[in-house]
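The values are calculated or read from the model by the stated rules, or taken from the named source; none is laboratory data. None of these values were measured; they are calculated from a predicted model. Because the Cβ atoms are built from the backbone with ideal geometry, glycine has one as well, and the counts that use them run over all protein chains shown. Ligands, DNA and RNA are excluded from the accessible area calculation, which covers all protein heavy atoms including side chains. Shrake-Rupley method; radii C 1.70, N 1.55, O 1.52, S 1.80 Å.
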Amino acid sequence: MSRRIPLVAGNWKMHMTSHEAREFASEFCSLLVQGDAPAAEIAVCPPFTALETVAQGFATSPVWIAAQDVHEQASGAHTGEISAAMIAAAGAEGAIIGHSERREAGETDARVAAKVQRALGSGLRAILCVGESLKQREAGETESWLATQVRVALADVTADQAEGLSIAYEPIWAIGTGKTATPEIAQEACAHVRSIAGEFVDANAVRVLYGGSVKPENAAELLAQPDIDGALVGGASLDPVSLMAIARAA
Ligand code: 13P
């Protein structure tokens, strides 16, 4: 069984001007050199407008940068969109794909799959997000829903592309609500996501993260689960001290 290095990624969503982002990077870098280096890999996912600033701010640190989305086409007449090449040129190494907040705004499984292909095919890492609503969970549809989301998104992913892939299980009912999934629920869903991903890639190599109200207080218990290889953190990632505490808990 391959050993998976945990990943703690901060999704800043629509927060942080480039000025604020620069201050975050400088504060986080000073925390990094205090105390032991975290065992987890750390990534920060700023808005597009702060990508380059954050990449520069973290240039001499092991922290890597990901965008919050990427367009499925390489270039073209797509007003307001950002390409994989632009993300890479800004100094970022990856992109979040298929976050539930984008799916809510109309992003389909098919588009998510095309974006995964574009990202991995362009040499970016992909953090693919999947997750069920409260209604789906209560209706007993969680497993089948997650299976479909993973199968469609990974349909064209080849085994050798899997190295750049992480999958974040983010139950919609736990995002921004303070209602974290229990470690048991999160573990069960992450194990399921891993086993479905195993139809396409090496299940032991793919990182499965949990996201949804992760905080320094609950991170250790969640990250101790055998199928949870890290966290995708929203609100708590806006504070350098709490993002660092989560990374140190991993
Ligand atoms: P919160 O940590 O704020 O619940 O957000 C989770 C999330 O959506 C990360 O992508």
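What ranking of 29, 190 comes out by heavy-atom accessible area, probe 1.4 Å, highest first? Mind dumping the intermediate values first?
Working: 29 35, 190 0 Å².
If we order 29, 190 from most to least accessible, we get 29, 190.
Accessible area of residue 179, 1.4 Å probe, to the nearest 10 Å²?
Accessible surface of residue 179 is approximately 110 Å².
Name the most mobile residue of 151, 194, 137, meaning the one with the largest mean-square fluctuation, in a Gaussian network model of the chain with Cα contacts below 10 Å.
Greatest mean-square fluctuation among the candidates belongs to 137.
Tell me the Kirkwood radius of region 71-126: reciprocal of the mean inverse pair distance over distinct alpha-carbon atoms, in Å. Could you put the intermediate results ahead of the total?
Working: mean 1/r = 0.0872 Å⁻¹.
Result for region 71-126 stands at 11.5 Å.
Give me the percent relative contact order of the chain, please, defined on Cα pairs under 8 angstrom at least 6 residues apart. Before the final figure, lay out the partial values.
On the way: 527 pairs, mean separation 55.1, N = 250.
So the answer I get is 22 percent.
Using only alpha carbons, build the gyration tensor for region 41-135 and give me the equivalent ellipsoid semi-axes, biggest first, whole Å. Could the numbers behind the result be given before it?
On the way: eigenvalues 98, 53, 27 Å².
Output for region 41-135: semi-axes of 22, 16, 12 Å.
Which whole-number percent of Cα pairs in the chain have a distance greater than 25 Å?
Numbers: 11535 of 31125 pairs.
More than 25 Å apart: 37 percent of the Cα pairs in the chain.
In debye, nearest 20, what is the charge dipole magnitude of region 94-250 about its Cα centre with +1 on Lys and Arg Cβ and -1 on Asp and Glu Cβ, if you could check?
On the way: 14 positive and 21 negative charges, 85 e Å.
About 400 debye.
Dipole of the chain (Lys/Arg Cβ +1, Asp/Glu Cβ -1, origin at the Cα centre): which of 25, 211, 116 lies farthest to the positive side?
25
Which of 240, 62, 46 moves most in a GNM of the chain, Cα contacts under 10 Å?
Residue with maximal mean-square fluctuation among 240, 62, 46: 62.
Considering only 125, 103, 207, give the residue with the highest GNM mean-square fluctuation for the chain, with springs between Cα atoms whenever their separation is below 10 Å.
In this elastic network of the chain, the residue with the biggest mean-square fluctuation among 125, 103, 207 is 103.
Largest first, what is the accessible-area ranking of 222, 31 with a 1.4 Å probe?
Working: 222 5, 31 35 Å².
The most accessible residue leads, giving 31, 222.
Go ahead and run the numbers for FRET between residue 39 and residue 177, Cβ-Cβ distance against an R0 of 22 Å, rounding to 0.05.
Numbers: r = 29 Å, r/R0 = 1.31.
According to the calculation, E is roughly 0.15.
Take the alpha carbon atoms of region 80-214, find their radius of gyration, then divide it by 2.2 N^0.38 Å using N residues; give the quotient. Could you put the intermediate results ahead of the total?
Details: Rg = 14.4 Å, N = 135, 2.2 N^0.38 = 14.2 Å.
The value comes to 1.01.
Please give, to one decimal in nm, the separation of the simple spin-label points placed at residue 75 and residue 163, each 7 Å out from Cα toward the Cβ.
Computed distance between label sites residue 75 and residue 163 equals 2.7 nm.
To the nearest 10 square angstrom, how much accessible area does residue 48 have with a 1.4 angstrom probe?
80
Please compute the modelled spin-label separation between residue 49 and residue 202, points set 7 Å along Cα→Cβ, answer in nm with one decimal.
Spacing of the two 7 Å Cα→Cβ label points: 4.2 nm.
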